[in-house]
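The values are calculated or read from the model by the stated rules, or taken from the named source; none is laboratory data. Everything numeric here is computed off the predicted structure, so don't read it as measured data. Virtual Cβ from ideal backbone geometry, glycine too; neighbours counted across all protein chains shown.
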Amino acid sequence: MLDVVHRTAKMKTHVHIAIDDDDPMFIRYEDVMEHHGGDGDRLESGPRDGLVGWTNKIAMDRIDDYGYFGSFGDDHIPRTPGWDKALIEGIERMGGTGITYPWDGTREDIPEAPVVSADIIRELGWFLHPDLHHWYGDNVLADLGRGAGCIRHLRAIAVDHAWEADQTSKDSGEKLAADREAYFLWRKERMKDDIEIIAALRSRVLQPA
């Protein structure tokens, strides 16, 4: 993934890789970063925290450093040259506040490889809903983006999802039922308020000077 990102990115896109410190392959990840990491790339490590926990930690720690954040798995492989620029420009065409996602070869209805403007993350206090562990984060973003009118699927931009079963996916599968319950509870109790937060943010951004 690192090699392809560096070969296809058109902007100064940095990759932040999060690895649980009990991962038996940890040393190999360090070796990959040492030999393939670019300027600005970082390897984050710590206690096991899951996709949602790690994504939110990195995003909130670096919220003032970037205007846009993307969440890709290690099995997301960008194919379209300039994918990063295109996904950001898609948000800029909406006024600079919003969510875009590429075609990953699996689903068109939810952003499985989302790019989100930093102001949305800052306003909500999270990138992926913190009550989740691994699943349904993309469903939440889809609901928010559609409700606030600020999500775009850029089907011409290809980021392949080269998924295969491994221990991480098996471990995450154990969280599916709990994440499903948390997702539907959010839809019932909080979704409307979170959409209004983003809609108000967009209104401020789009209001003429």
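Observations
- Residue count for the range 99-119, restricted to those that are closer than 19 Å to residue 82 by Cβ, of a type outside the set (Phe, Trp, Tyr), buried (at least 18 other Cβ atoms within 10 Å of the Cβ) and more than 12 Å from the chain's Cα centre (by Cα): 1
- Boolean, residue 51 is buried (at least 16 other Cβ atoms within 10 Å of the Cβ), among the hydrophobic types (A, V, I, L, M, F, W, C) and under 23 Å from residue 129 (Cα atoms): yes
- Contacts under 8 angstrom Cβ, first residue in the range 132-154 being among the aliphatic types (A, V, I, L, M), partner modelled with pLDDT under 95, 6 or more apart: 148/202
- Answer from 152, 93, 122, 79 - the residue that is more than 23 Å from residue 44 (Cα to Cα) and either among the small types (Gly, Ala, Ser) or within 16 Å of the chain's Cα centre (by Cα) (or both): 152
Per-residue answers, yes or no, for (1) aromatic (Phe, Trp, Tyr); (2) within 23 Å of residue 105 (Cα to Cα); (3) touching a strand residue (DSSP E or B) at 6+ places or on another chain (Cβ under 8 Å); (4) modelled with pLDDT under 95:
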{"residue": "5", "(1), (2), (3), (4)": "no, yes, yes, yes"}
{"residue": "12", "(1), (2), (3), (4)": "no, no, no, yes"}
{"residue": "20", "(1), (2), (3), (4)": "no, no, yes, yes"}
{"residue": "43", "(1), (2), (3), (4)": "no, no, yes, no"}
{"residue": "67", "(1), (2), (3), (4)": "no, no, yes, no"}
{"residue": "80", "(1), (2), (3), (4)": "no, yes, yes, no"}
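- For the range 21-44, the criterion of being surrounded by 14 or more Cβ atoms within 10 Å (Cβ to Cβ), small (Gly, Ala, Ser) and within 18 Å of the chain's Cα centre (by Cα) is satisfied by no residue at all.
- Of all residues in the range 11-24, those that are more than 13 Å from residue 39 (Cα to Cα) have Cβ atoms under 9 Å from Cβ atoms of residues that are at pLDDT 95 or above and of a type in the set (Lys, Arg), 6 or more apart or on another chain, in 17/42; 18/57.
- Members of the range 1-20 found to be of a type outside the set (Asp, Glu), loosely packed, with under 14 Cβ neighbours inside 10 Å and part of a helix (DSSP H, G or I), listed by number: 7
- The residues in the range 75-98 that are among the charged types (D, E, K, R) and buried (at least 20 other Cβ atoms within 10 Å of the Cβ) can be counted, and the count is 1.
- Just one of (1) surrounded by 17 or more Cβ atoms within 10 Å (Cβ to Cβ); (2) at pLDDT 95 or above fails for residue 175. It is (2).
- Only strands (runs of 3 or more DSSP E) whose full extent lies in the range 28-90 are considered here, and the ones with at least 1 residues that are polar (S, T, N, Q) are 42-46.
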